[in-house]
Each structure stands twice: as structure tokens, then as C-alpha cells.
Amino acid sequence: MPSTQVLRRRIRSVANTAKITRAMQMIAASKMRRAQEMVVAGRPYSEHMNSVLSHLAALERGSEDTSVPLLDAREVKTTGIVLITPDRGLAGGLVTNLTRAVERTIKESETPVTLVAIGKKGRNFSVRTGNELKAVFDGIGDNPTVEDTRPISNLVIAEFESAGVDRVLLAYSRFVNTAVQAPTIDTLIPVEPAELTGNAAIGYIYEPGPVEVLEKLLPRYIEMEVYHAVLEAMASEHSARMVAMKNATDAANDLIDGLTLQLNKARQEAITSEMLDIVGGVEALA
Amino acid sequence: MATFKLTIVTAEREVFSEDVDSLVAPGIDGQLGILPNHAPLMTQLQPGEMTVRSDGDENVLVVTGGFLEVLNNQVTILADTAEMDVAIDLERAEEALKRASERVENRQSEVDLSRALQAFRRAQIRVGLARRRGRHSSTATPPVQRT
């Protein structure tokens, strides 16, 4: 049995760790709340964008002589994946779950894959798996704006248009709730607009013209999708970290309880043996 | 008086959502005036100012491009960026313009460039607005500040 001194030292050290993980848990919780608010704040824009896009796409499908590159599905010879991961670790299985899903997709796609990594963990993954790494964007921070993510969408649009890649996937952890973050892989380009629901297309007046508007709208749409995915990934990151840190704090507290019990036993034992010594000494004198 | 619902949203947040009497927006083919019961319209916007009138109040917003949709007496603006014009200071606007153009020249990466260009455009519009405001300072209605 370890001495009481050793036990005391261990308890103190574990208690310090618990303090740190508790603090990290609190920080993650408040960042998560903020990230969730940002996701919600961006929702009206994406809803409108989606409905406008559906209208335009229905119109585009109707006419045969026009073809908008960003909507065009062509034979896939190369795949680009935008992988959105956190910069930092200590977020439980979040990164592993996502990279595992990406690995599966890469295997199934049976095409050369080019990666664009957002976040350090994504870069590490790309380097480790030896896939071509086109670009790394890290240090996006906790407060991303569309301007922060615009270079990412510009890059993938340029890659697609120059036929560097024939489709672009977007891989990120979707925030379902605090306990669940779903690894998600969506097709970003070619854009697949939602089918029009309800009644048919409304006779809009388009200025300058439907195709021109569509051509201008699509890059914005892609931009928004990327921005949205970054926000989702951020909310996931913070909630995963919050849960991981809560588990760590709980485990540390359990450990402290066990160690305290051991310490008390050791102390009592020491007292008992000391008393036995004294009693033995007194008996010897008598 | 008839009104229509105007919603201005950016990818980051909803900037404005109110019933208004009229709207003048910088369409890609020129200024557009929108009154209640306008026909369905979908247009691109160019960077510029947008004037919103409601109940005799006049608000000016600065947009750096986007899209405008009119449908069922509802106007939705999908703006790249949009800001309520809250008392623009000419001197500060000019300074911002100078700073922005310097940043465009001394950019270090694409992130910087896209940001600097945005700032530059915004500053340009601001300066224009402030100059005009300065000329008619006696008649210009003070902008209503909203949060």
C-alpha cells in the first residue's frame, strides 16, 4: 500500500487536472451556445437561397440550350473533398469518426482524391493517408464570417471549373444535438438543387436574365454551404469537447474518491500500528 | 397606406425585417423602385445604397451586392453584406477607404485580399454617401438607429 504522503500528492494532482477539465468544459459550453446561435442566425438566408435556387434550377431544366457548369454532373474521374475539422484535439471521438467516414468514401469512390483541409486535424489526416492535399485553411477561429470561408469556396469552384476535379464533396460533423454529432459527407459541386415543392414555378421577372442570375447565384450558394458547414462543424467541435471534458472531470472525481478511501485506510492503518507499538512498549515496561 | 414586408438577410444574420412603404435598391441594371404589390421579380444587386421608407421615416442601408426577390408582396434581399447606415462620418469613412486601399496593395494572402476588397467597396460607398449627405446636411433626415 502506498504511503499517505504519496496518496496525498496524487489526490492533489488529480484534483488539479479536474479543475482544468472543468474549466475547459465550461468554455466549450459557452462557445457551443454561440456557435449554435450563429447556425440559427444563418438559417433564413439559406432557406431563401434554397427556394430561389429551386425555382431557377427548374427553369434551367426546362430549357435545353443553356447549360450552367456548376450544375453539370459529368463523369467523375477525380474527386475533391473539403474536410472540415477542428484545429484542436481533446474532443473525444469527433475527428476519428469523421476521418473514418472520409476514408470509407475515398475507398468507395475509386478515383484519385484531392483534399482541401480546413483545420489542423484534417491536414494531419491528409498527410497521414497520403492523399493529395490541395490547400490547408487553419486558424478560422471561433467567429467565422463569410469572408473567412470565401477563399475556400473560390478555390473549389476554380478547381471544378478548370476540371481539376469532377465533383467536390463536403465532409464535416453535423451538429444533431449536444450528445450526437453525425459525420456527414454531402455533394457540394455539382450543385443539386432541391426539387420544387407545391405548385409549379412562379413567373418571375428576371434581371438581367434567369441564366445570368443563376450563374451569379450558384457561387454564392456554394459559399453559403461551406460557411454553413463550418458553423455546423464548429458547434459539433465544441459540444463534443464539452462532453469529453465532462467525462474527464467525472472520471477525475471518481479517481479522487477512490484515492481518498485508500488514503483514509492507509492513515488508519498507520495509527493502528502506532498504537500497537505504544501498547507493546507499555506492556514490556510493566 | 399599403405596405409590404421587407426582409434583409445576410449569410450571417437577419439585418432587417419590417413592413415598409417603399424601397429603392441598386439593381444590376440600374436603380429599382419597389412599391407594394410589385410583380414577382428576381434580380441581382450591385454594391450601393438602399433607401427604405416607412411611415415617413427614411433609412439608408449600404449593401455590397446580393439578390432581391419580390414575391407575394414580400421582398427578400439576400445581401452579401448589409449595414444600417448609422451616422456616417465623412472623415472616418475616407480614412477607412485609404486604409482599405493600402491593405489591397499590401495583401499577403487571398484571405486578406478578399477581405480588403470588401472593406474597400464598403468604404467607397460610405464616402459617397457621406459626401452627399454633407451637401444636403440641412435637409437630410437623421437616420433612425435600429439594433
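In the range A:42-53, of all residues being open to solvent by less than 10 Å² (accessible area, probe 1.4 Å) and more than 16 Å from B:Arg13 (Cα to Cα), the one that is farthest from the other protein chains (Cβ to nearest Cβ) corresponds to A:Leu53. Looking across A:Thr99, A:Thr4, one residue alone is over 25 Å from B:Asp80 (Cα atoms), open to solvent by 20 Å² or more (accessible area, probe 1.4 Å) and modelled with pLDDT of 85 or more. It is A:Thr4.
Of the listed requirements (1) open to solvent by less than 10 Å² (accessible area, probe 1.4 Å); (2) at pLDDT below 90; (3) within 20 Å of B:Gly56 (Cα to Cα), B:Met1 misses just one: (1). Of A:Ala101, A:Ala57, all but one fail to be in a helix (DSSP H, G or I), within 19 Å of A:Val127 (Cα to Cα) and touching a residue at least 60 places away in the same chain (Cβ under 8 Å); the exception is A:Ala101. Taking A:Val176 as the residue in question, decide whether it is of a type in the set (Val, Ile, Thr) and either surrounded by fewer than 18 Cβ atoms within 10 Å (Cβ to Cβ) or within 24 Å of the chain's Cα centre (by Cα) (or both). Judged against the criteria, A:Val176 is a match.
In the range B:13-20, the count of residues that are over 12 Å from the mean Cα position of the chain (by Cα) and more than 19 Å from A:Tyr45 (Cα to Cα) is one or more. Within the range A:169-198, residues that are within 20 Å of A:Thr99 (Cα to Cα) have Cβ atoms under 7 Å from residues that are open to solvent by 60 Å² or more (accessible area, probe 1.4 Å) and assigned to a loop (DSSP other than H, G, I, E, B) in these pairs: A:Ala182/A:Val176, counting only partners at least 6 apart in sequence or on another chain. The residue that is farthest from B:Met84 (Cα to Cα), among those in the range B:20-61 that are within 14 Å of another protein chain (Cβ to nearest Cβ) and of a type in the set (A, V, I, L, M), is B:Ala39.
Restricting attention to the range B:21-33 and to residues that are surrounded by fewer than 19 Cβ atoms within 10 Å (Cβ to Cβ) and of a type in the set (A, V, I, L, M), the residue that is nearest to the chain's Cα centre (by Cα) turns out to be B:Val24.
For (1) touching a Leu at 6+ places or on another chain (Cβ under 7 Å); (2) surrounded by 19 or more Cβ atoms within 10 Å (Cβ to Cβ); (3) closer than 27 Å to B:Ala123 by Cβ, each residue gets a yes or a no:
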| site | (1), (2), (3) |
| --- | --- |
| B:Val9 | yes, yes, yes |
| B:Arg13 | no, no, yes |
| B:Gln44 | no, yes, yes |
| B:Asp55 | no, no, no |
| B:Asn72 | no, no, no |
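When the residues of the range A:200-212 are filtered to those that are within 20 Å of B:His38 (Cα to Cα) and not small (Gly, Ala, Ser), the one that is modelled with the lowest pLDDT is A:Ile202. For the range A:140-162, filtered to residues that are small (Gly, Ala, Ser) and open to solvent by less than 60 Å² (accessible area, probe 1.4 Å), the residue that is nearest to the chain's Cα centre (by Cα) is A:Gly141. The number of residues in the range A:104-121 that are assigned to a strand (DSSP E or B) and either of a type in the set (A, V, I, L, M, F, W, C) or farther than 24 Å from A:Ile222 by Cα (or both) comes to 5. Residues of the range A:26-41 include at least one that is among the basic types (Lys, Arg), within 14 Å of another protein chain (Cβ to nearest Cβ) and at negative phi. Screening A:Pro86 on (1) surrounded by 20 or more Cβ atoms within 10 Å (Cβ to Cβ); (2) part of a helix (DSSP H, G or I); (3) of a type outside the set (A, V, I, L, M, F, W, C) shows it passes everything except condition (2).
When residues of the range A:243-269 are filtered for being among the small types (Gly, Ala, Ser) and either touching a strand residue (DSSP E or B) at 6+ places or on another chain (Cβ under 9 Å) or open to solvent by 50 Å² or more (accessible area, probe 1.4 Å) (or both), how many remain? Total satisfying the criteria: 1.
The values are calculated or read from the model by the stated rules, or taken from the named source; none is laboratory data. For clarity, every value in this text was computed on a predicted model and none was experimentally measured. In this analysis, Cβ positions are derived from the backbone assuming ideal geometry, glycine residues included, and neighbour counts consider all displayed protein chains. Accessible surface is based on the protein model in full, side chains and every heavy atom, while ligands, DNA and RNA are left aside. Shrake-Rupley method; radii C 1.70, N 1.55, O 1.52, S 1.80 Å.
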